[in-house]
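The values are calculated or read from the model by the stated rules, or taken from the named source; none is laboratory data. Just so it is clear, the model here is predicted, and its values are computed rather than measured. So basically every Cβ, Gly included, is an ideal-geometry build from the backbone, and we count neighbours across all protein chains shown. The accessibility values were calculated without ligands, DNA or RNA, using every heavy atom of the protein model including side chains. Shrake-Rupley method; radii C 1.70, N 1.55, O 1.52, S 1.80 Å.
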Amino acid sequence: AFGFHGDVFRETLVLDAPAGDAGLMSLFRAKPIDRKGLAMAPSTAFLFGESSFPLSRLLPTIRPVLAELDADLPQHLDKAMADAKAATGVDLEKDLLPMLSDELSYYVGMPETGGLYPEVVVSLGVKDPAAFEKAAQKAVDGLLQTVGKDEHVTGRQRMVEWHGKRLYMIELAGVRRHDMVPFTPTWTVMDGRWVVTLVPHAMKELILRTEQGAKGLAEQEDMVSILRSAPENATSLGYFDLQALLTLLYDTGVPLLQTVAKPNLLHAPVRLDWAMLP
């Protein structure tokens with residue numbers, strides 16, 4: 001079914017799964033999102049998603065499904081979990097995934113204070129923040145030790161206190177002298193969520209916005225219209241601002257073309273003068 005609901009065009013699709021207690025369809029039975037992820041997103045976010053996905057029971061659910069597809073697949077899964085435990089020192093299936101509260105969100109947007117580097121943030125809800133922080137710290141340390149032995153990247157994790165939060169920065173570097181890794185993943189546990197960013201600056205921007213109670217994506221006109229039409233018990237919410245993304249690409253690409261691709265240097269039958277672009 002589809003139609004207009006106020007100023008929103010809404011499409012409705014109904015799925016019927018009689019055997020809903022087993023199989024992949026059972027993963028769609030989840031609690032409504034708490035919208036804490038939406039509260040984190042800045043007003044400049046052009047990509048956002050939040051869902052209530054049962055990560056804590058993901059592996060037990062898909063294991064019998066894999067067995068029906070191929071009898072060897074569960075063994076491969078178990079081996080992957082064993083390898084992950086050997087690398088991190090943490091049993092992902094027994095010690096880490098059950099600690100998640102099945103809330104997942106992410107957003108991508110430009111910093112409200114300006115800049116060229118977009119904020120990329122992923123967050124997961126956790127049941128016991130203190131216990132999860134300890135387990136995550138151990139897992140990251142173990143992973144970095146393993147990666148440093150077998151890959152061309154080395155790294156270390158260090159913690160700094162900032163505005164009452166413990167920020168864990170994963171400082172990565174290439175094995176060779178001139179190799180560069182262009183980001184420093186940073187994570188913390190705040191407001192019952194495990195929050196991960198690509199660079200420390202994005203994490204600090206998020207913390208400052210939260211402290212100041214700044215207006216975010218939830219109060220933008222487009223999102224207000226969507227929320228007005230969305231059901232209260234929605235288990236997933238997605239947002240993509242195509243106009244903002246195209247504007248970002250244009251505002252980045254045009255100055256680059258005007259700087260690099262000079263008309264007198266282009267061997268083209270048609271004169272392409274990027275300086276004349278609007």
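Checked against the criterion of being in a strand (DSSP E or B), aliphatic (A, V, I, L, M), out of contact with any helix residue (DSSP H, G or I) (no Cβ under 6 Å at 6 or more places or on another chain) and more than 23 Å from Gly3 (Cβ to Cβ), region 191-207 contains one or more residues that satisfy it. I'd like the full set of residues that are open to solvent by 50 Å² or more (accessible area, probe 1.4 Å) and small (Gly, Ala, Ser), limited to region 114-131. Selection gives Gly115, Ala130. The residues of region 60-94 that are surrounded by 11 or more Cβ atoms within 10 Å (Cβ to Cβ) and either charged (D, E, K, R) or touching a Cys at 6+ places or on another chain (Cβ under 9 Å) (or both), listed by number, are Arg63, Asp78, Asp83, Lys85, Asp91, Glu93, Lys94.
Only residues that are over 30 Å from Glu50 (Cβ atoms) and in contact with a strand residue (DSSP E or B) (Cβ under 8 Å, 6 or more places away or on another chain) were counted in region 221-278, giving 0. Applying the selection to region 194-234, what residues are β-branched (Val, Ile, Thr) and either under 23 Å from Lys165 (Cα atoms) or within 17 Å of the chain's Cα centre (by Cα) (or both)? Those that are β-branched (Val, Ile, Thr) and either under 23 Å from Lys165 (Cα atoms) or within 17 Å of the chain's Cα centre (by Cα) (or both): Val195, Val196, Thr197, Val199, Ile207, Thr210.
Whenever a residue of region 150-169 is over 15 Å from Ala139 (Cα atoms) and open to solvent by 60 Å² or more (accessible area, probe 1.4 Å), its partners that are assigned to a strand (DSSP E or B) and modelled with pLDDT of 90 or more, lying with C-beta atoms within less than 8 angstrom and at least six residues away or across chains, give the pairs Glu161/Leu167; Arg166/Met159; Arg166/Val160; Arg166/Thr188; Arg166/Val189.
Of the residues Asp273, Asp251, Asp222, Asp241, only one is open to solvent by less than 40 Å² (accessible area, probe 1.4 Å), more than 19 Å from Ser123 (Cβ to Cβ) and of a type in the set (Asp, Glu); which? Can you show your working first?
Details: Asp273 fails: open to solvent by less than 40 Å² (accessible area, probe 1.4 Å); Asp251 fails: open to solvent by less than 40 Å² (accessible area, probe 1.4 Å); Asp222 fails: open to solvent by less than 40 Å² (accessible area, probe 1.4 Å).
None of the other options fit; the residue is Asp241.
For region 32-51, the condition holds for at least one residue, the condition being that it is touching a strand residue (DSSP E or B) at 6+ places or on another chain (Cβ under 8 Å), buried (at least 16 other Cβ atoms within 10 Å of the Cβ), assigned to a loop (DSSP other than H, G, I, E, B) and among the β-branched types (Val, Ile, Thr).
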